[in-house]
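Just below is one structure, and these are the notes that go with it.
Just so it is clear, none of the values below were taken in a lab; they were calculated from the coordinates. Model, not experiment: these values are computed from the prediction. Neighbour counts run over all protein chains shown; Cβ positions are idealised from the backbone, glycine included.
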Amino acid sequence: MKETLLTPSQERSLHASLLLFEKALRMVDRLLADRDEIGILYFRKSNLDNQSRERVQKKIAITLVELEDFTEKLGLRPIEESLESTIMGEMSISWESLEESRSKRMRGYGELSPQAIEIIDPAIDHFARIALQLSNLSTSKLSSDTTE
């Protein structure tokens, strides 16, 4: 029987830290592979030249192999993460943030014109409803028309 090197609490703590590190490495690798991104409210741009980009990606690849070896030595096993749970969590956070963007909350930053209220509140209602629908993706049918 293989000797256990860590207590359950130590294992959970180390697993959590290494999981965050692995996710960060993979996210950086995806960002470097995707290059620049243009959104609606943001854009992401890198000033790395191709050689630097490749050097970072190589370092990430090597580190992931080292991380795998390290976790095998300690007997740390992967956990299954549900994509639906991730979507639900992200959309729940977005829904809450959108709810905080309603005109009555924004008045805390100063008076809003009636025209701004007429534009903001219906749009926030719409976007919050979509975030809630997407959050409930795994537990109910998603409305086929999310643009209502």
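Observations
- Net lengthening on full extension, L67/D125 (0.36 nm per residue, minus Cα-Cα): 16.4 nm
- Chymotrypsin sites (Phe, Trp or Tyr not before Pro) restricted to DSSP loop in the range 11-73 with at most 11 other C-beta within 10 Å: Y42
- Each part reduced to its alpha carbon centroid, the range 41-72 and the range 10-28 end up 15 Å apart.
- Among the trypsin sites (Lys or Arg not before Pro) found in the range 24-127, those both in a DSSP coil and sparsely packed, with 12 or fewer other Cβ atoms within 10 Å of their Cβ, are R35, K45.
- Converting phi to 3J(HN,Hα) with the Karplus coefficients 6.51, -1.76 and 1.60 and the offset θ = phi - 60°, the range 109-114 yields 9, x, 5, 9, 6, x Hz in sequence order, with x at every glycine or proline.
- Cα-based helix-to-principal-axis angle, 8-34 vs the chain, degrees rounded to 10: 70 degrees
- For the chain, the number of Lys pairs with C-alpha atoms closer than 30 Å, counting only pairs eight or more positions apart or on separate chains, is 11.
- Per-residue HN-Hα couplings for the range 35-52 [Karplus 6.51, -1.76, 1.60; θ = phi - 60°; Hz; x = Gly/Pro]: 6, 6, 9, 10, x, 8, 10, 7, 9, 10, 9, 10, 9, 6, 7, 4, 5, 5
- Reported label for calculated log10 I(q)/I(0) by the Debye sum over Cα atoms at q = 0.09, 0.10 Å⁻¹ given (i) -0.49, -0.59; (ii) -0.30, -0.37; (iii) -0.53, -0.64: (iii)
- Average Cα contact separation per residue, the chain, under 8 Å, 6 or more apart, as relative contact order %: 20 percent
- Selection of GluC sites (Glu not before Pro), the range 1-99, meeting DSSP coil and at most 15 other Cβ within 10 Å: E3, E80, E81
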